[in-house]
Structure formats: C-alpha cells, structure tokens
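Report on one structure; see the data block that follows.
Each reported figure results from applying straightforward, stated rules to the coordinates on display, with no laboratory input. What you are looking at is a predicted structure, and each value in this text was computed from that prediction instead of being measured. Cβ placement follows ideal geometry from the backbone for every residue including glycine, while neighbour counts extend to all protein chains displayed.
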C-alpha cells in the first residue's frame, strides 16, 4: 500500500482524482486566516509585520496525509492583494489552489476572502507563505506539518518532535526593498538584521542577556522575541523538523555535542545519514533525528549561522533544554561554529549526501525532453535583473492558469523560450553581451512526459561572483539526478544517478555549478519554477511550466476575477 | 450663455449628457499616468513616495471647460490597488470615473490600466488625488486647472498666474500610519514633519540656508526640495491658484506686505473680498488676485502655517520674486505671522466672508429633506473611530455604484442610517454612551430633490476637544447656507442665507459648531461625502449618498471587476 500510494502520488493516477472528489478517508480540516498588518517584535525591535490572525508567524497547521485542508483566507490588508502558497503540496486536481499570484490565481483583494481547498497528498514537513510581491519577507508564513495517515507508520522511530521554521528579517519594509531592487542605481537592502527561529530572534541583544534578564543589553523583555527552547527528556530520540523560508539567507544549523541523522528532505524520506550540522537553503525542509544521550545536567546550544554570503548577521540561537534543567540555564559548552561561509566543498559534501531512502520510486531511465536553463545576471533598460536563457520573468496581471485554460492570448508573451543556451557561453566569465528581454518564460510540457532540467549557474555582472540559488518547483517533486561544477556537458547525462536520486521540491545550484533534475509532467496546471530567494524572483529569476492544461477542470471563477480572464468571464466568452 | 451654462451645470440638464456624448466643442485631452513608488526628497529627506510618471507631485493637468479628459492610469505599484479621484469635477454621466475605491469603482490592480474619461464641466482650480487607503498622504496627487472655454472670459482681470498646491508630509509610511489608527492602543503619527508647497518643503533646514547654499544647516542641495519661487513683474495683477490636499493640516497663507483678493472658491466665483491672509482647509481651493505694486527692489515671503492644531511643524515658505531681483535675494521684511492656531474667531471671520459672486444661481428656497449628521468620536470593540449619527463608515470590497446599479444585496449593509440625531445630545460634552456600529451609511436621495445637510460638530472622547472637519462632497457643488456655533436649532432654518450663499464642494465645521449645505440631487450616481482629513475618513468619518441609480448608463465592466459585482457579471446575472 505504502509503495503503491507513493508511486501513485509520484506518477499521478486516478487515485489522485478520487482524493479530490472526497472519496478518500481523510478528514476535512478547516482553518480561518485573517491576513493583516500587526505591530510585532520578531527580534525585540518593534516593526510592522504581515501577520495571520493577529500573530506572527502564522498558525502551525497540523494534519494527516489524505486530509483535505480548507483555509479561508481573508485579506485585511488595507490596499494590497494577497495569496498564500502551500509550499511542497502538489495540488493534484486543484492547480488554482497553489497560491501564486499571476500564475495560479488573482490576488485576493482587500476585505475579500478566498477559500483554499486541497488535498494533502503525503506526509512531510512543509510550510506556507505569501507569493505576491515580497510579502513572504514581510512575515507572511507559517508551518504546515503533515503526519502519516492513520494506520501508516514513519519508517523510523522517534519519541517526540520539535518544529523549527527558519527565516531572515530586515528592519527595512518590503516596499522599500522592492523599490530599491527596481531603481537605477540599484539599491540593495544588505544582509538581514536577524535570523529568526519560529519567528523569534535577537537584534543587538544576546540570548543570554534575555534569558538572564539583563535589562541593560537587552532592554525589551518581550515574549514575542523570547528564546526558542526545545524541551527534551534525556535518553530519547527526537525528530526535529527544520524548514527554511528565508528571503535570502542560506543557513547552517548545528546542535552542541549532538549529531543529527537526516531522514526526510522536502517531504520525502531519505537514506539516513548522520552529520554534525546541516546546510539548509530557502525553500528546503529536513527532518533530523537526535538522541538526547549527552550529559543531562547541561543544556545545549542550537546555533544557526549564515552560509554562502559574507555573514553580517548574528548567529541565531535556541536552547536544547534537557529535563529537568531550567531553560534559563546557559549551556556550558562553546557555541557550535558555523562552517566558513564560502567553504562550498563543505556545502556540497552535505548536499550530495542526501539520497533517496531505499524503496523510493526510481526515475524513468530516459527523459523525453531536456531543458537547460542558464542563470545570469543582466541589465534591461539599465535595471539589474536576473534572467533565464536571457529572459527575465515578469508576471502578468492575468493569472497564467486562466489565460492558458481559456485560450486567451492577452496578457502574456507567447514567444517560446529556448531549451538551450549557447554552447560557447563561458559560465566562468561575467556575461559579455547579455541582450536580455523581459518575458513570460512559459515552457509548455507534454502531459505525462519525462522532463530533465539542467540548471546552470554562472558568473554575475560584477565578475568573480557566483551565488547560491535554491530552485523550487511547484506542483511536483523531482529527482535530483546530478550535480556538478563548471559548465554542464552533454556527456554527463551518462553519469546521472538513476539508482537512488533524492526526491525533492527544491534543488540548490552552487556557484559556477549545475544541477540536473528529472520529473514527470503529470499534474495538469501551470506551475512556477523559480529561485526561492525572494529578491531574485522579484528580479525575474524564474520560469513557468505548463502541462495538461486542457485536462484542468473548471477553475472557480473567484480565482480568475481579474485582468483579462475577468473580462472574458464577464463578456461570456470563456471555456 | 454664461448664465445658462452655469445654471445647466448646477442643475443638471440634457446639456450635460450631450457633453458626454462628445457633441460638445471641447477637445479631448489625453494623459498617461503610471503610478509607482519612487525615491523622492520632498523636504530634502529622501523617502519612498507614490509618484506619477516617476515624479512627485503628479503632472499638472491643464485643460478648458468642456474638454474631455482621458487619463490612462497604469498601476505600477507591486501589490497595491490604486484609484485617482478628480476632486471638484462632478462627473455628470460618468459616475464610474469619480475615482473612489469601493464606491465608484474597483481599485485598479497592479500592472493593470484603467481609463478615466470624463468631461470637465466648468473652469476652476482643482486637483486630483488617490482615494484608496491613505495613498493621498503617500504623495499621490497633483493639480488640475481648468480654464474657461474658448470665447469665454473670467469675470476678473489678471496678467499672469501661479499655482500653489499645498500638502503635508510625514516621514512615517502610510502603512504604519494606517496600522497605528487600527491598533489598540491607538497610535497617532503626530503632526506632519513638513508642509509642502507644490511638493517641496524643508525639514530641519531653512529655506534661507538652501537659497544661500549653506551646506552645514541644509546638507542636501536637492532640486526636489528647492524653494518655490513665484516670479512676478512689478505693477501687474496675478492670480494665485491655491489648493490644499493636506492629509491633516488646516493652513493659513499670507504674503509679506501684499493683500489678496479672493475671487474663486472650489471652482466657483465668489464676491471679491480683500484679506491679509487666507485660511484653507483640506479639500478646498481658492484663487486670489495680488497686485505687485510694492517696493520692487525687494522680494517677499509667502508663508504657510498651521491652524486648528497645536503647530509642531515649521512654517512653509516660498518667495514672491519681483523681476529683476535674484530669486536668492532674501526678503528684507519680517515673516508674516500665522494667526494663533486656536483663534477660531479669526478663522470664522474669513470663512464667513466667502460669498457667491453676484449672478451666481441661488439655491431653491426650500429643501425636500433635511439630514442632520452628528460627528462624534467613539469606540467600537475598543478601537477609536469616528462615527456619523453613530455609524462609522466602512467601505466594502464591492463598489457601491455596481452593487446598487445591479441590485446586489451582497457586500454592504442596507440598513438605513438616520436623518437625525437625538434632540438631547449635548455637543459640548464628550460622548456619553456612544453605542456606535460600523456600517455602509448610505443615504438614498430622491432624484432631483433638494437636500439640506446639517453637519454638527461635537466634543471628542478625550473631552474639551472639538476638531476642525472639512467635509467634501463628490459629484456636486452645494450652497453653504449657514454656519453657527453650538448645537444647530430647527429655528435657524429661517436664518439660512439664500441670497448669496457660496457654491462649494467642501465646507468646514468649526469646533463645537455646525454648517448647513443645500444641493440638488441631480447627478445619477453614488457619491462619497466625507471629512477630507485622511485619517478621519480612514476611521469612518463619512457617508455615501446615492441618487438616480436607475438612470445610470451601463457601467464599464472593467470598473466593476471585483467582489460581488465581478461574480454577478461572470455568472451572467447583472442588469
């Protein structure tokens, strides 16, 4: 059953449709989210934050595989639209519930409610977040934890669990951040003020000071920024669910004296691997198991530092609190030290170790189409942008799902983007003559075909810089079948790992390197595939994939009540 | 002709309709506005501002009476809707072009364009501004000057003219301002940092320092905040057009050594009256004539100070620059002194002097309906609000114009608000038991009926405070037929000025006082009537007036593509 269900979910099948029609045994779980601005002090400094139901971060949703989640999202922002994306949930049969503005739906207008209704297709560690403008960076996110269906068991044992949702936080508003990105000269907000754990951190104020009530160095004793404490009993095994919804930062997490065994990545089981620390990129999630078999008279640091960029942000700290120690008892050990920010060999070593659990479905042995996507920085009309095969993604005012389903030609650019970039492109050099344009960047995939995408990293405009880009695919998991340094060569296809490639929804490309993914285009819909770094996406670093558009069932009108789909629907011309 | 045209425009007639159908002789004037965030330094401190076409304030529109204005407004804000209201233009036959979100149209979505097309019904000094959230306070405004039609003449002579659009400016974003207003405890942004003249002012930096290039006290020599200089020739007569789009501030303007003769108020001619200074409230406009017959070897200060609130904002200054003096030559006289902020007798004395020019149509001698509106501060669920006859205005996600025209019952509260407030209400005391509720506050007026509205001011929650409220009516001019102190009494109807009451679109109520207006409900549409102070409107200080809704022609679908009107139109049930 486990295996056939997995296979079904991976490959798409009639079972998926029956889930949606409510014949599944799962429960319907109802939530009401009211999205609005709140005053909040994530790092003890009070700012305006986009909260849900008056709190930050949003409520943790907990459900079981097969359940139907119904979330009524009311937009109480005064003048802004909003959407919520359910990161990692594949939305079989409900592509309009993917929560991507301009792609799967119209933004929800102020004072309006939109009901997201969809099946939770498999157990795993997920999260949800805003997917409009840079609202994620403004605080619009929360955890979504899906347990195994009743009667099913996890393939590993644990006695308890804790959840850590990681993010980064700026004191500059996202409006100013977006304006800076769209300005000449380009204005960059800089590194985050604070790394947050479950929405809590410390800015210019130490956790120790907070714990000890030192009112001088940490003036605000504010429960909104109180330290995160994971209470554990000695000699037990705990599952830590760790997800990153950072806007920018690549992170490394370590626990003093405790090793971790990675067992899950992006909602898929992986072959257990024991490490001293983990790297986690925006859009990724992991579950790790830890055993609380260390000296139980001590507490232990959980430390989270920045990787891949010169760190200018204080290491974030939480406390692993062994019972019955006081949570305020400061750990006696030294802080775990985050690996050097640019030690990419270390990063690759970790990432390459993540492999599918034995028994995970293997990818088809061949692909029907290979798309190679070159990631370059460019300038268009003097504005710095990211482009993919020389097209910088722009999002239309009419959602692509509606435009494509209804056959509208309005509102997007139907020029086909290329499946290749020039053979002679030197990824080690800054782009010579970028010649980029803005575009809709829609790749139409044949339904049920097997697609390989090679993501190719390169040098940036400033030269001698190549950044980390975690790419996230909506509507699918994919197998990560290869990684490499430098420029991808056609011959490397023969070296793809088709034996135990991990299934994930986010894959990182390292500086000057490449990554190859394979997936089956089996989910009728229109799906974003993009760098999960919020300002990178805002600057055009993404593509749109469509598949089986004619198989999409009737889209609820309220998802399409904007732009040219609204005009079509009002003029009675759709379908 | 002049008289019959005026009468027609006042009373509504077939001529208005023929204007709209393009049979009028006026030109079509096309503008393109792209609304977006820009970095700008209105008071030399750089902030994010809502600009038009990359500049702040928006372009000055100049046209002639009878012209058709066509403004394509493209929303380039990343996540916010936008609308633009054409303040003082009555929109005969085009109520959907009034530019009030939730009332006359759906907000324009990001990356969408809406075309405002309407007739400029008469000459005058107008302006335009955002009418969604507090976008006006964020900088979304500009001047709209309508000259007499070809062949028509102003009823006074002048040799040249200058335009002064006044506003106030905060360094706190409007998002934070709105959040503060909607918080418990209430957080008030405080007085503006700067008063702006044509979008320019000085914060912690003197105009003299700027003019003289004193880089110490005024570090940024930035043309965006360079002093406003009105260049004049000696011994001429100039028309100064002065309009106020402040968010909060009541202002007083004086010119050193020069008296002013008021000739126009809110786009209507007034009996010329000569004064040493003028008070101007948000939403008002005046034209004054000045004669440049003073010592021509000197320049003169134009100074603008705050009235009605304890002033904490530096007096704004401009230079009246007599040719051929250098504009940098500082005036030798003392600064004109703004009258004491709470000298309301002085304010009333000025306001009461504004009377209709001889020959202006007189109001009907009787009204068909009298509506008395009590303005009180209140608390609803712990939130401080303003309420009108105990209802605090809330705006729906579906525009009232569409809901009412299509007969939808959804999206607004159809409970009739009252035409009176309790006889025993003591306006001199703080509200005792406010018992307010939120509501749509729609007054349905009989088409072509004559309506009197008595606006009654009162004490606020804090006690011993009664503020100034300039009320602005959309879609109409009205005659101001009475003013008084304390509570309005029914017997005062006999003392109404029906001989030469000024025609205006904005009327001020003074602390603890009342004002009476009369107008003819002759403009099919749904119209806002509200306090023009931005935070007061945001807190509910307004009502909606509807009239002749069944006479409204087909509303363009694109004005109604949101909320329940979009649903109705998409489900084919409208009309």
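Descending by average beta-carbon neighbour count within 10 Å, the peptides B:515-528, A:264-277, A:320-333 line up as B:515-528, A:264-277, A:320-333, the highest first.
Each 10 Å bin, from zero up to the one with the longest distance, holds this percent of the alpha carbon pairs of chain A: 3, 18, 30, 29, 16, 4, 0, 0.
Placing dummy labels 7 Å off each Cα toward the beta-carbon, the span from residue B:236 to residue A:191 is 6.0 nm.
Peptide A:33-41 has a mean shielding of 2, counted as Cβ atoms of other protein chains within 10 Å of each residue's Cβ. Shielding by partners for peptide B:98-111, expressed as the average number of C-beta atoms from other protein chains within 10 Å of each residue's C-beta, is 3. P(r) tail, segment B:355-432: Cα-Cα pairs separated by more than 22 Å, 52% of all pairs.
Shown for residue B:362: label points 7 Å from Cα along the beta-carbon vector, and their distances to the equivalent points in the other copies, 10.0 nm in ascending order. With label points set 7 Å from Cα along Cα→Cβ, the inter-copy distances at residue A:325 are 7.7 nm, sorted shortest first.
Once both labels are positioned 7 Å from their Cα atoms along Cα-to-Cβ, the gap between residue A:159 and residue B:409 label points is 6.2 nm.
Most tightly packed first, judged by the mean number of other beta-carbon atoms within 10 Å of their residues, the peptides A:160-168, A:240-248 read A:240-248, A:160-168.
Taking every alpha-carbon pair under 8 Å whose residues sit at least 6 apart, chain B reaches a relative contact order of 14 percent.
The relative contact order of segment B:160-353, computed from alpha carbon pairs under 8 Å that lie at least 6 residues apart in sequence, is 23 percent.
With a Förster radius of 51 Å, plug the Cβ-Cβ distance of residue B:551 and residue A:312 into 1/(1 + (r/R0)^6) and report the FRET value to the nearest 0.05. Here the calculated transfer efficiency is 0.20.
On a 0 to 90° scale, report how tilted helix A:2-11 is relative to the longest principal axis of chain A, with both axes built from alpha carbons and the result rounded to the nearest 10. Helix A:2-11 sits roughly 50 degrees off the main axis of chain A.
For segment A:369-570, the square roots of the Cα gyration tensor eigenvalues, ordered a ≥ b ≥ c, give a/c of at least 1.5 with a/b no greater than b/c, which places it in the oblate category. Shape class of segment A:160-352 from the Cα gyration tensor (axes a ≥ b ≥ c, square roots of the eigenvalues): oblate, since a/c reaches 1.5 or more and a/b does not exceed b/c.
Residue by residue along B:172-180, Cβ atoms of other protein chains within 10 Å of the local Cβ number 4 on average. Neighbour counts of C-beta atoms inside 10 Å place A:394, B:28 in the sequence B:28, A:394, starting with the fewest. Each Cα pair under 8 Å and six or more residues apart adds its sequence gap; the mean of these over the residue count of segment B:365-469 is a relative contact order of 42 percent. In this structure, residue A:274 and residue A:444 have a Cβ-Cβ separation that, at R0 = 45 Å, corresponds to a calculated FRET efficiency of about 0.55.
Copy-to-copy label distances for residue B:297, where each label lies 7 Å from Cα along Cα-to-Cβ, are 9.4 nm in order of increasing length.
In terms of packing, defined here as the mean over residues of other Cβ atoms within 10 angstrom, the peptides B:140-146, A:345-351, A:70-76 line up highest first as B:140-146, A:70-76, A:345-351.
In terms of the Cα gyration tensor, with a ≥ b ≥ c the square roots of its eigenvalues, is segment B:300-359 rounded because a/c is under 1.5, prolate because a/b exceeds b/c, or oblate? Oblate, since a/c reaches 1.5 and b/c is not below a/b. Spin-label model, residue A:418 to residue A:28: label points 7 Å out along the Cα-to-beta-carbon direction sit 5.1 nm apart. Taking other C-beta atoms within 10 angstrom as a stand-in for reagent exposure, B:280, A:555 fall in the order A:555, B:280, fewest first.
Legend: calculated FRET efficiency, residue B:381 to residue B:485, from the Cβ-Cβ distance at R0 = 25 Å, rounded to 0.05, equals 0.15. Its residue count N sets the reference 2.2 N^0.38 Å, and the alpha-carbon radius of gyration of the protein assembly as shown equals 1.01 times that reference.
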